[in-house]
Structure formats: C-alpha cells, structure tokens
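Since every read-out is calculated from the coordinates, none of them should be taken as a lab result. All values reported here derive from a predicted model rather than from experimental measurement. Note that we place each Cβ from the backbone using ideal geometry, even for glycine, and neighbour counts take in every protein chain shown.
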Amino acid sequence: MNGAKPALVIDTRPVWESGTSGLQAPNLSYVAAPLQSLHRLPQDQLLKQWFDLRSAEAKDGAAVALVATSPASVEALQGMPALWEELAKGFSHKPALFAVGSGSANSLAAWAASCGLDPVVVSPPKGSGVEAFLQIFQANTGVPAQQANRLFVLLESTSNQPDLALGLRERGLRTARFGLYERIDLPLELSLGTTEPSMACVVVSSSALVGPAISGLQKNGFNPKEMLWLCHHLKIAQALEKASVHRIHQLADLNPQTIITKVIELSRMND
C-alpha cells in the first residue's frame, strides 16, 4: 500500500446486537461505525405467524417458495432453529429457495445444506428488482412466475421497503412479507487514530443508509465527495450518485476478502 500510511476503512454496515465486525490487513486502519443494530424478533412470535400463514394458505394448495432478501434474514434464521425446522417441514429434498443477491444466495444455500436439505438457490446476476426476480424464477423452473401456483414468502426485516412485494403483486403473484428481525438506527460514531491515512474508504450496504452515512461523515469533519465508497449492488450506487457522491466502487458482495482486495487495489492505484 501507499508508503507507511494506512488506508482507512470506515464500515457503516449494521451489526447484530452485541455483535462485532472487523477487517485485518497490513497497512489497513479499520473503524467499525455501524449505522444500525439488528435484533431478532422472538422465535415464539414468528412461529405463531408462520402457523397462521400456512393455515390461511393451506386450503389453496399453493407451494411455498422462500425468498431471502438479505444475508441478515438468513442470519436471523440461524439463531432460531425451531423456526427453521418448521419452515423446512413442508419442503421436498430440493426446496424452492430464492435470494436477492449472491450474498443472500450463498448464505441461504449454506444454511439449508446444514439442515440436511439439497437446495437450488438462485439469484439475479445483476440487480435486485422485480424483473430480475421473475427472470431467475423462470430460468430455474421453466415456468413463468405468474403461472405458478406458488406463494412467495419474503424473509426480510420488519422495516424493509415493500418494493419487491408490491412489484410482484402487480404482476399477479401471491406474496407474504415475513419480518424476521428489526433494525435500530444508530448515530455514526468514529474513533480515529492520529495518523493521516493514504486514502479513506466507506463501506455502505443499504441505499437507505447512504444519507445517514454522508451526514454522519460530514459531522465528523470528512468530505464525502473526496472519499471512496464501496457497495455491493446497483441501487446503492444510484443512491450515492443521486447524493452527488461519484467515487463509487461496486463489488460482487461485501465479504471481508472482497473488501480487503479492493482496498489494496485502490491503494496501489493511489501510490
């Protein structure tokens, strides 16, 4: 990296209650500044909601397809084994599982396999909108989603925007939003060292957090337009551009290795 000066990475991604996150690499100064805390809903409450949903839908004989809208929705399931057991009961060996984004797909596939299932988890290669979802459904099943007798259960946060659910319903699909966890907003708090960084990168994982990240950085004396922004899908990049932030780098996903690799690449370009 650039001389002895470290590259600063400010990570605004949400963390689970009492959870921590971190990146470690030579000449990298990592600062966790989560803008949200994630909290699982009580498992008993979710079990009741699931039983009520299945009871209401049973008379129609519709198959259930689970759709993970974020890796966090899968992480929420990991802490609720009784709920996952109930979700899995009605499935064959190859359940219908779908995901928005590769990170969600990878998490869902790994968790389902650990439960003894052999899932086919598909996600759109680019984008996370309604059209992309319809395309992956038809490519995977050979059946247009509008013709399938299927209930799409969206596993998500209680505060998720309803865009995907509304868009699917507009095309005649049956959907149910199933909130597994809630998000609590946090102020952006920074604890920085005295060494001037070679460059400053900001990791943001949600378009809804772009505004709070920008305002929080400004309150801490940073110019967001001079910083490098790392995100993982187009909707976030578009929100950054709309906020007049243009030094944007879109990654396949935001796992530690992809972030570190990109920071090293950008630092070398900055030498």
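Across q = 0.18, 0.21 Å⁻¹, region 154-271 modelled as identical point scatterers on its alpha-carbon atoms has Debye log10 I(q)/I(0) values of -1.06, -1.29, in the order of the q list. Peptide packing: for 198-204, 156-162, 221-227, the average count of neighbouring Cβ atoms within 10 Å per residue gives the ranking 198-204, 156-162, 221-227, highest mean first.
Among 69-75, 48-54, how do they line up from the highest to the lowest mean number of other beta-carbon atoms within 10 Å?
Numbers: 69-75: 23.0, 48-54: 13.6.
Packing order, densest peptide first, comes out as 69-75, 48-54.
Summary of packing: across the peptides 205-215, 237-247, the per-residue average of other C-beta atoms within 10 Å ranks them, highest first, as 205-215, 237-247.
For Lys48, a cut-off of 19 angstrom between C-alpha atoms picks up these aspartates and glutamates, skipping any fewer than 8 places away in its own chain: Glu57, Glu85, Glu86, Glu156, Glu182. Spin-label model, Glu85 to Thr258: label points 7 Å out along the Cα-to-beta-carbon direction sit 3.4 nm apart.
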